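A.B. asks: I'd like to ask you about the structure that follows.
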Amino acid sequence: MVKDSLRLSDVLRCPQAPVNINTIDTGATPEAPGGKDKTVKQFEPMAEELAELQEMLFARGRSNPEARRVLVILQGLDTAGKGGVVRHVFGLVDPQGIHHHSFKVPTDEELKHDFLWRVRKALPGPGMLGVFDRSHYEDVLVARVDKLVNEKVWRQRYDLINEFELELAANGYDIIKCFLHVSAEIQKERLKARLDNPAKYWKYNPADLDTRSKWPDYMDAYNDLLGKCNPDIAPWYIIPSDHKWYRNWAVARILLETMRSMKLTWPPADFDVDQEKQRLSQA
């Protein structure tokens, strides 16, 4: 069980460069309270605390344009479980305080601007808990592997990303970046499950197999970005994701630890409480 003295954030924190994700066990369950059933039971107490912390965050953003905000970035290959994390983790809190954005292939309008333009437009506002399903990191992943830009361009983007995230941190963003690390074997099982179930056809994209055929290239690209864009103010966490229950618990736990560290409090009243109590008693 994760104790206060041992944060899961420290356990799953991405190491500094050089990074080799091929050496990380995607089926591991570090610091889990137990097996699936015991770990899933931990969601209820975590959900209660997360909901309260998120409400504090949201409440402060209602009247303070300088209020802090949280940005969670989810990256991973197809079937790693980005959508599952959104449902099972961020479904634990009040949806009115959630800002979710899924990045697709850039539109013609987005391609007219620099690669961070569309990301800036999607940032969560004051007091919001933002979730990015994919992100600006696609521009050093897909852009690199599929040769959408030349090498000089995508290599320059590492520094631009670091500068961008440093700017966000300086402006009140707490950034959590989660790489959902799934094995090729488990990915194949999950893709097959989608093809075997008509209710899952909508989740399947023939392009997923094209991406899968480039697995070594994507591993190299992830190794580089994890090594080059991993500052303490915007850390990467490598989440073993072969077990969905562990993946969801781990992301929820890291989110909880991060929000605890923010030392959030309820905003003070901007009115005379005693006067309003007196008025109410006479109403």
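Throughout, read-outs are computed from the coordinates displayed, never taken from laboratory work. Everything numeric in this text was worked out from a predicted model, so none of it was measured. With ideal geometry, Cβ positions are generated from the backbone for all residues, glycine too; neighbour counts draw on all protein chains shown.
A.B. asks: Please report, ordered by residue number, the helices (runs of 4 or more DSSP H) entirely within the range 1-86 with at least 1 residues that are touching a residue at least 40 places away in the same chain (Cβ under 8 Å), in contact with a Gly (Cβ under 7 Å, 6 or more places away or on another chain) and on the phi < 0 side of the Ramachandran plot.
C.D. replies: 43-63
A.B. asks: Right, next: Residues TRP236, TRP249, TRP266, TRP245: which one is closer than 30 Å to ASP10 by Cβ, exposed (fewer than 13 other Cβ atoms within 10 Å of the Cβ) and hydrophobic (A, V, I, L, M, F, W, C)?
C.D. replies: TRP266
A.B. asks: Give me the pairs: first residue in the range 131-148 and under 30 Å from LEU92 (Cβ atoms), second residue of a type in the set (S, T, N, Q) and not in a helix (DSSP H, G or I), beta-carbon distance under 7 Å, and six or more apart or on different chains, which are they?
C.D. replies: Filtered contacts from the range 131-148: ASP133/SER102; ARG134/GLN75; ARG134/SER102; SER135/GLN75; TYR137/GLN75.
A.B. asks: Just to check your reading of the model, which residue among ASP217, ASP274 is touching a residue at least 24 places away in the same chain (Cβ under 8 Å) and either in contact with a Pro (Cβ under 6 Å, 6 or more places away or on another chain) or assigned to a helix (DSSP H, G or I) (or both)?
C.D. replies: ASP217
A.B. asks: Is one or more of the residues making up the range 37-57 in contact with a His (Cβ under 9 Å, 6 or more places away or on another chain) and hydrophobic (A, V, I, L, M, F, W, C)?
C.D. replies: yes
A.B. asks: Return the residues of the range 179-211 that are part of a loop (DSSP other than H, G, I, E, B) and either touching a Pro at 6+ places or on another chain (Cβ under 8 Å) or farther than 30 Å from ALA234 by Cβ (or both); say none if nothing qualifies.
C.D. replies: Passing the criteria: ASN197, TYR204, PRO206.
A.B. asks: Can I ask one more? For the range 108-130, which positions are free of Cβ contacts under 8 Å to residues at least 60 places away in the same chain and hydrophobic (A, V, I, L, M, F, W, C)? Steps first, answer last, please.
C.D. replies: Pass one, the range 108-130, residues free of Cβ contacts under 8 Å to residues at least 60 places away in the same chain: 108-124.
LEU111, PHE115, LEU116, TRP117, VAL119, ALA122, LEU123 - these are the residues of the range 108-130 that are free of Cβ contacts under 8 Å to residues at least 60 places away in the same chain and hydrophobic (A, V, I, L, M, F, W, C).
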